[in-house]
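Values in this text are rule-based calculations from the coordinates and carry no lab data. Just so it is clear, the model here is predicted, and its values are computed rather than measured. Methodologically, a virtual Cβ is constructed for each residue, glycine included, from the backbone with ideal geometry; neighbour enumeration extends over all protein chains shown.
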Amino acid sequence: LPVVAIVGRPNVGKSTLVNRIIGRREAVVEDVPGVTRDRVSYPALWNGRRFMVTDTGGWEPDAKGLQQSISEQAELAMRTADLIVLVVDATVGATTTDEAVARALRRSKTPVLLAANKVDSERVEADAATLWSLGLGEPHMISASHGRGTADLLDLILEELPETPRERFVAGGPRRIALLGKPNVGKSSLLNRLAGEERSVVDDVAGTTVDPVDEIIELDGRLWQFVDTAGLRRKVRTATGHEYYASLRTRSALDSSELALLLIDASQTITEQDLRVLSMIIDSGRALVVVFNKWDLVDEDRRYDLDKEIDRELARVPWARRINISAETGRSVQKLVPVMEQALASWDKRVPTGRLNSWLKDIVAANPPPARGGRAPRVMFATQAATRPPTFVLFTTGFLEAGYRRFVERKLREEFDFTGSPVRVNVRVRE
Ligand code: GDP
């Protein structure tokens with residue numbers, strides 16, 4: 001579905017507007033500093049059209065971090081949304097922060113609507129007119145809390161909103177990589193190392209949609225698009241400590257990528273934060289390569305501990321290859337590309353139905369599903385319903401236990417090799 005992002009300073013009424021749009025009647029859930037909300041996108045329906053609304057205001061910074069957090073919001077909106085609504089408080093007028101956001105949004109290719117909120121009286125109407133100065137066209141006067149003007153705004157949103165969401169993948173284009181990991185694991189160091197001195201950055205690759213925050217690098221004779229690397233190259237980094245935006249960014253980077261490179265600092269104990277990123281990667285269904293960085297700092301004692309931590313913490317992704325590198329010294333960095341290629345090949349892999357079923361017949365004959373209570377279910381046949389990631393459907397006469405599905409997944413991996421990619425096994429019961 002196409003995505004509408006609502007951006008703006010704290011307290012301009014973003015959440016109220018979102019609630020209006022999605023038709024939620026109960027009291028607005030106010031944004032609480034430091035509280036991470038799970039959901040930032042909500043399905044909406046207007047005049048029979050469905051779309052998603054993203055509220056980017058879940059994290060309200062202190063005064064010092066305001067400017068920065070707003071630009072994060074705007075940047076995120078520009079790369080993920082199909083239309084942006086900038087909400088400004090008409091009773092206050094355009095602040096320098098509003099001006100900064102407007103400047104950024106004017107450069108974006110995404111259509112932008114300006115909403116002048118809190119227009120509850122004629123006097124405020126006059127104030128709202130001054131918002132033309134933001135250079136985003138007509139300020140559309142609304143009162144989100146009273147509902148005034150919001151229907152007109154919604155009509156406009158639908159007029160401007162493309163029918164289909166923006167293209168994320170282009171066949172034959174560069175493979176899209178998300179470089180992920182907690183702050184200071186060495187993401188920028190690795191990116192710089194990979195790009196090398198000459199910065200073989202390509203801006204204009206035929207048939208691709210390159211966000212300004214992406215970087216295209218040629219490695220081993222082919223192009224790789226590292227998504228959402230804004231801030232990774234710059235020495236002054238943005239928003240490192242801001243958990244909420246960090247997780248939004250991670251999710252958005254995963255959305256627009258095919259493979260995740262998860263960086264973990266090998267010299268330090270694996271932390272909750274590492275595992276949170278890992279969980280997001282697993283949920284996304286992307287291909288995965290686990291990169292242990294700072295290997296130059298790993299001595300024998302640390303290595304011993306690390307092995308145990310890996311056994312414990314990475315047991316969920318036994319299929320992911322691990323590489324030990326040092327972005328600092330360049331050690332083993334050249335090994336990355338073949339492993340990424342392998343993971344993506346697995347992610348794209350399709351097993352012909354004939355081959356799949358002749359294999360399945362043998363597997364099931366040798367290890368039939370266990371009976372639960374009454375009769376044992378029969379596995380009749382299978383198809384690969386999807387790639388990216390490979391997704392299989394088993395047609396059965398009854399419920400298959402999770403243990404048996406895992407068994408089938410293991411056997412699938414042994415036979416067809418899906419190293420580096422998740423594999424999904426679904427069951428459909430035929431009566
Ligand atoms: P980011 O926050 O993930 O982008 O991390 P940076 O690339 O900024 O790295 C954080 C710090 O770790 C910097 O001081 C780097 O110089 C250092 N660093 C990065 N990679 C390595 C490595 O392989 N070995 C060592 N010893 N230090 C590293």
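Tabulated data for the structure shown
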quantity: Sites residue 92 and residue 192, calculated FRET efficiency, Cβ-Cβ separation with R0 45 Å, nearest 0.05; calculated: 0.60
quantity: Pair residue 125, residue 275: separation of 7 Å Cα→Cβ label points (nm); calculated: 5.9
quantity: Leading residue at positive end of dipole, segment 372-431 (Cβ point charges), from 403, 373, 383; calculated: 373
quantity: For segment 264-348, diffusion coefficient by Stokes-Einstein and Kirkwood Rh (Cα), 10 °C, 1.306 mPa s, µm²/s; calculated: 117
quantity: Amide H contacts of residue 219 (H built 1.01 Å from N, under 5 Å, at least 5 apart or other chain); calculated: 224
quantity: Estimated distance in nm for a label pair at residue 49 and residue 255, the labels positioned 7 Å out from Cα along Cα-to-Cβ; calculated: 1.8
quantity: Pairwise centroid distance, computed over Cα atoms, of segment 334-350 with segment 361-393, Å; calculated: 27
quantity: Restraint check, 294/411; 109/182; 361/411, Cα-Cα greater than 23 Å; calculated: 294/411; 109/182
quantity: Net length gained if the chain between residue 428 and residue 399 were fully extended (0.36 nm per residue, minus Cα distance); calculated: 9.6 nm
quantity: Nitroxide proxy distance, nm - points 7 Å out along Cα→Cβ at residue 381 and residue 146; calculated: 6.5
quantity: Extension gain, residue 357 back to residue 103 (0.36 nm per residue minus Cα-Cα distance, nm); calculated: 85.6 nm
quantity: Net dipole in debye of segment 362-431 [+1 Lys, Arg Cβ; -1 Asp, Glu Cβ; about Cα centre; nearest 20]; calculated: 240
